[in-house]
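Working notes for the structure below.
Derivation of every value follows stated rules applied to the coordinates shown; laboratory data play no part. Quick caveat: nothing in here was measured; it's all calculated off a predicted structure. Don't worry about glycine lacking a Cβ; one is built from the backbone with ideal geometry, like all the others, and counts go over all protein chains shown.
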């Protein structure tokens, strides 16, 4: 299932697919705050630009090591 690239907010499953990680791992990243998420009503969503921020953080950590 392809993710619509125009979406601003993604489900955790869609975010996991874009990152190429499992949904359980993505839910853990959201619950620990490593991956930004927002609540819309009763729904948990990941802002699309939060994925780039998360990857940039990983890259900086890799370069600093």
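Considering the stretch 30-49, and only residues there that are out of contact with any strand residue (DSSP E or B) (no Cβ under 9 Å at 6 or more places or on another chain) and part of a helix (DSSP H, G or I), the residue that is nearest to residue 5 (Cα to Cα) turns out to be 49. A count restricted to the stretch 5-29 and to residues that are in contact with a strand residue (DSSP E or B) (Cβ under 9 Å, 6 or more places away or on another chain) and assigned to a loop (DSSP other than H, G, I, E, B) stands at 2.
Yes or no, residue by residue, for (1) free of Cβ contacts under 8 Å to residues at least 12 places away in the same chain; (2) surrounded by 13 or more Cβ atoms within 10 Å (Cβ to Cβ); (3) closer than 26 Å to residue 61 by Cα:
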| site | (1), (2), (3) |
| --- | --- |
| 4 | yes, no, no |
| 9 | no, yes, yes |
| 14 | no, yes, yes |
| 18 | no, yes, yes |
| 21 | yes, yes, yes |
| 24 | yes, no, yes |
| 37 | no, yes, yes |
| 44 | no, yes, no |
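Please verify whether residue 55 is part of a helix (DSSP H, G or I), surrounded by fewer than 17 Cβ atoms within 10 Å (Cβ to Cβ) and without any contact (Cβ under 8 Å) to a residue 40 or more places away in the chain, treating the condition exactly as stated. It is true that residue 55 is part of a helix (DSSP H, G or I), surrounded by fewer than 17 Cβ atoms within 10 Å (Cβ to Cβ) and without any contact (Cβ under 8 Å) to a residue 40 or more places away in the chain.
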